[in-house]
1. Taking the Cα centre of the chain as origin, sum charge times position over the Cβ atoms of Lys and Arg (+1) and Asp and Glu (-1), and report the length of that vector in debye to the nearest 20.
2. Using a 1.4 Å probe over the heavy atoms of the protein chains, calculate the carbon and sulfur portion of the accessible area of the chain as a whole percent.
3. Within the chain, which is the longest segment that contains none of the GluC sites (Glu not before Pro) sitting in a DSSP loop with at most 13 other Cβ atoms within 10 Å?
4. At most 12 other C-beta atoms within 10 Å and a DSSP loop state: those are the exposed trypsin sites (Lys or Arg not before Pro) I care about. Give me the longest piece of the chain that has none.
5. Please compute the length gained on full extension between V193 and R58, using 0.36 nm multiplied by the number of residues separating them and subtracting their Cα-Cα distance.
6. Could you tell me which of I201, M150, S191 has its Cα farthest along the dipole of the range 142-221 towards the positive end, charges placed at Cβ (Lys, Arg +1; Asp, Glu -1), taken about the Cα centre?
Amino acid sequence: MSVGYVELPLPDSPYEMWLRGEIERFLGLPEGFRAEIIEGDIVVSPAACLSHNVIATRISGAFAIARATNPAFPWETVVGTGVGEPSSKGWIPDVTVMDRSRSEQASAADLIVIAPSDMAMVIEVTSPSNADHDREPGPQHRRKNGNRIMTKWTDYASAGVEYYLLVDRDPRVARATLYFDPNPETSRYESAVAWEFGEPIVLPEPFGVTIDTAEWTAWPA
């Protein structure tokens, strides 16, 4: 993946502009592109392809089936909702899992963004253009001020998001990994369990949801 970094003067902080929905317009982004704020940097992602969105939809579908079979099931998925942690982090996860009562409260309040504490689990599906932003940082990540740059993986751990399901469609990986036991002090997840594509994902309690991955595919090599 090739990523470029440019310095661009802004009329306000990136986070505040993101919160007001002004970043995309200011940057003149084409329809479907989205901007997120990771450690104060504006990260732009193109519109996801159909196969990416199918996986996100089927994950949501597994939660919908669980609720249809058990009316007491407390979880629901939300797609395309902004999650903010002032004043330098603003994400748009592929799928967010929320307690249904909290989702109803946030919806009734017409919140523009929700807080990390509102998420029971966050789900990201990688794309070729921005996969490194979703993963645990490694040697391939650029360095900033002498430290390895943060990614969504470290951001979510730092924010204390209890569960992070990363579906990595890279053909060299083709695996879903559930990270848990976040350590906000080190910005790391301490535990993980993984499933290869084709194996059912069995999410532990408090979710108790099984996700069929038999038809999931990696992006073209």
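1. Details: 18 positive and 32 negative charges, 69 e Å.
It comes to approximately 340 debye.
2. Values: 5750 of 11090 Å².
Of the solvent-accessible surface of the chain, carbon and sulfur hold 52 percent.
3. Values: sites that count: E7, E31, E185, E215.
Free of exposed loop sites, the longest segment is 32-184.
4. Values: sites that count: R20, R142, R172.
After excluding every exposed loop site, the longest remaining stretch is 21-141.
5. Values: separation 135, 0.36 × 135 = 48.60 nm, distance 2.00 nm.
Separation in residues times 0.36 nm, less the Cα-Cα distance, equals 46.6 nm.
6. M150
The values are calculated or read from the model by the stated rules, or taken from the named source; none is laboratory data. Predicted, not measured: the structure shown is a model, and the values here were computed from it. All Cβ positions, even for glycine, are placed from backbone atoms using ideal geometry, and neighbour counts span all protein chains on display. Ligands, DNA and RNA are excluded from the accessible area calculation, which covers all protein heavy atoms including side chains. Shrake-Rupley method; radii C 1.70, N 1.55, O 1.52, S 1.80 Å.
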